[in-house]
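Asks: Structure provided below as structure tokens; questions to follow.
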Amino acid sequence: MKKKMFCLMTAAAVASLVIGTAAMADERTTFTVGFDAEYPPYGYMDENGEYTGFDLEMAQAVCDLRGWELVKTPIAWESKDMELNSGAIDCIWNGFTMNGREDDYAWSLPYVDNSQVIVVADASGITDLAGLEGKVVAAQAASAALELLTGEGDQAELGATFGSIQEFPDYNTAFAELQAGSVDAVAMDIGVAQYQIKDKEGFSILDEALNSEQYAIGFAVDNEELRDEVNESLLVLLEDGTFDELAEKYELSDMVCLADSAEAETEAVPDETPAETETEEAAE
């Protein structure tokens, strides 16, 4: 019955999207997405100098459905809240961790299961988290990994054992420092870690993950209307196969969770099958 309700929900989303697009044709014309331009495979600049990635292609697909023009706006990650609250961007959509920030934004449905991991050089001899004691660990400024390892983060006790945690503006720079031997390890999202090391020899992801978490799209807390419109579009793109095609293109198929998130939304909907059966029996 859950599968039936999910199909009904996506069908309703399609109908709502068609009606909503017509109703709002004279209102919203652009959709401005704030993203980290050095966060592959979610958002980055390709060899042609164009911004692309899984999240940006999904944003474009949403805009194609809605009749909006996508405005891709690269931002400094540590300034993301200022950009959002000032209205410079409509949302933060770029591998954005929702865990621990649930009340800070109006969140879309989660669409990627993620975890924070540690990348090390094979020659370092570091094989587990305990081996990071006294080491220099890199992380992106204002990232989920940094928040996890400092302050009141769930892994702050582990972070306190490091020699130091060095902050970098983006993970491309952090990984370059790892390659140069200036840092001993990098704490980062597993999807980005896999992308960074897939064509590079001599680097590994430690088996022990720091945590598990989910990515979602963050809107201003008072902008639930736009959040709901984007959610409707995501369900349509899930139903027509676009979401899964892009996940396969960016090698994220084993990490995406939008279908599970959508089905979880139906769990609160009463199953009417028993009532329908009783009615039929009474009629007999």
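The values are calculated or read from the model by the stated rules, or taken from the named source; none is laboratory data. Keep in mind the model is a prediction, meaning the values are calculated, not measured. Counting neighbours? That spans all protein chains shown, and the Cβs are built from the backbone with ideal geometry, glycine included.
Asks: Residue 208 versus (1) over 18 Å from residue 52 (Cβ atoms); (2) crowded, with 19+ Cβ neighbours inside 10 Å; (3) not polar (S, T, N, Q): which is the lone unmet condition?
Replies: With (1) over 18 Å from residue 52 (Cβ atoms); (2) crowded, with 19+ Cβ neighbours inside 10 Å; (3) not polar (S, T, N, Q) applied to residue 208, the lone miss is (2).
Asks: Out of the residues in segment 58-69 that are surrounded by 19 or more Cβ atoms within 10 Å (Cβ to Cβ) and in contact with a helix residue (DSSP H, G or I) (Cβ under 7 Å, 6 or more places away or on another chain), state the one that is nearest to residue 170 (Cα to Cα).
Replies: Within segment 58-69, the match that is nearest to residue 170 (Cα to Cα) is 58.
Asks: Next question, about the same structure. Could you check, for segment 43-52, whether at least one of its residues is modelled with pLDDT of 95 or more, of a type in the set (A, V, I, L, M) and in contact with a helix residue (DSSP H, G or I) (Cβ under 6 Å, 6 or more places away or on another chain)?
Replies: no
Asks: Moving on. Please enumerate the residues belonging to segment 193-213 that are under 19 Å from residue 114 (Cα atoms), in contact with a helix residue (DSSP H, G or I) (Cβ under 8 Å, 6 or more places away or on another chain) and modelled with pLDDT of 95 or more.
Replies: 204, 205, 206, 208, 209, 210, 211, 213
To keep it simple, each residue is scored yes or no on (1) within 21 Å of residue 193 (Cβ to Cβ); (2) without any contact (Cβ under 8 Å) to a residue 40 or more places away in the chain; (3) assigned to a helix (DSSP H, G or I).
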{"residue": "33", "(1), (2), (3)": "no, no, no"}
{"residue": "55", "(1), (2), (3)": "yes, no, yes"}
{"residue": "62", "(1), (2), (3)": "no, no, yes"}
{"residue": "83", "(1), (2), (3)": "no, no, yes"}
{"residue": "109", "(1), (2), (3)": "no, no, no"}
{"residue": "117", "(1), (2), (3)": "yes, no, no"}
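Asks: Another question, if that's okay. Report whether or not residue 133 is of a type outside the set (S, T, N, Q), at pLDDT 95 or above and in the same structural domain as residue 246 (by TED's automatic domain parsing).
Replies: Answer is no for this residue.
Asks: Quick check, is residue 252 under 18 Å from residue 141 (Cα atoms) and in a loop (DSSP other than H, G, I, E, B)?
Replies: no
Asks: To continue, here is another question. Any residue in segment 199-209 that is part of a loop (DSSP other than H, G, I, E, B), farther than 20 Å from residue 90 by Cβ and within 18 Å of the chain's Cα centre (by Cα)?
Replies: Scanning segment 199-209, I find at least one residue that is part of a loop (DSSP other than H, G, I, E, B), farther than 20 Å from residue 90 by Cβ and within 18 Å of the chain's Cα centre (by Cα), so the answer is yes.
Asks: Go through segment 236-255 and give me each residue that's in contact (Cβ under 8 Å) with a residue 24 or more places away in the chain and among the hydroxyl-bearing types (Ser, Thr, Tyr).
Replies: 242, 250
Asks: Only one of 177, 167, 147, 232 is modelled with pLDDT of 95 or more, surrounded by 14 or more Cβ atoms within 10 Å (Cβ to Cβ) and outside any helix (DSSP H, G or I); which?
Replies: Exactly one of 177, 167, 147, 232 is modelled with pLDDT of 95 or more, surrounded by 14 or more Cβ atoms within 10 Å (Cβ to Cβ) and outside any helix (DSSP H, G or I), namely 167.
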